[in-house]
Amino acid sequence: MKNPEQGDLFYLQWSPSVGHEFRNNRPGVVISSNKTIGKSNLISFMALTSNTNNKMADDILIKRSKSNNLQLDSVIKVQYISSFDYKRLLRYIGKVDGSDGEDIKRYLKKHFDLK
């Protein structure tokens with residue numbers, strides 16, 4: 001399997017989960033920095049959903065493209081940040097396009113109140 005890099009999309013095993021956490025297998029985008037990937041047994045992701053009707057104000061709509069290989073337009077649920085063991089990575093999907101990656105970085109600055 002491909003070594004993860006920031007902005008990569010992977011199909012992940014999100015379960016077991018509790019409460020309002022995402023369940024089952026679904027795509028996620030790597031948000032860990034390339035400098036920290038491999039230095040930890042965990043890697044951080046934001047969840048994706050193909051339910052574009054449930055987009056909240058900060059969520060990021062990504063259109064399917066040749067580079068991301070998504071089957072449908074999807075929404076990055078930016079507040080659903082999770083860290084997982086590499087064993088939860090099921091398969092590589094693709095990579096977010098440049099502008100979507102920049103939108104993720106802008107949101108992370110807002111989320112963590114970084115300047």
Right, Ser99: at pLDDT below 95, closer than 18 Å to Gly7 by Cβ and among the small types (Gly, Ala, Ser) or not? yes
When Arg106 is run through (1) closer than 19 Å to Phe22 by Cβ; (2) in a helix (DSSP H, G or I), the failure sits at (1)
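Table: residues versus (1) among the small types (Gly, Ala, Ser); (2) surrounded by fewer than 13 Cβ atoms within 10 Å (Cβ to Cβ).
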site	(1), (2)
Val18	no, yes
Val29	no, no
Leu48	no, no
Ala57	yes, yes
Leu70	no, no
Gly98	yes, yes
Asp103	no, no
Asp113	no, yes
Scanning the range 3-26 for residues that are basic (Lys, Arg) and either modelled with pLDDT under 85 or in contact with a Lys or Arg (Cβ under 9 Å, 6 or more places away or on another chain) (or both) gives Arg23
Can you tell me which residue among Leu89, Leu42 is closer than 18 Å to Asn3 by Cα, buried (at least 19 other Cβ atoms within 10 Å of the Cβ) and either among the aromatic types (Phe, Trp, Tyr) or over 11 Å from the mean Cα position of the chain (by Cα) (or both)? Leu89
Using the structure shown, decide if Val29 is outside any helix (DSSP H, G or I), touching a Leu at 6+ places or on another chain (Cβ under 7 Å), farther than 17 Å from Met1 by Cα and modelled with pLDDT of 95 or more. no
A careful count of residues in the range 18-67 that are within 20 Å of Tyr107 (Cβ to Cβ), without any contact (Cβ under 8 Å) to a residue 12 or more places away in the chain and among the aliphatic types (A, V, I, L, M) gives 1
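The values are calculated or read from the model by the stated rules, or taken from the named source; none is laboratory data. These figures come from a predicted structure and were not determined experimentally. Neighbour counts are summed over all protein chains in view; Cβ atoms, including those assigned to glycine, are modelled from backbone coordinates with ideal geometry.
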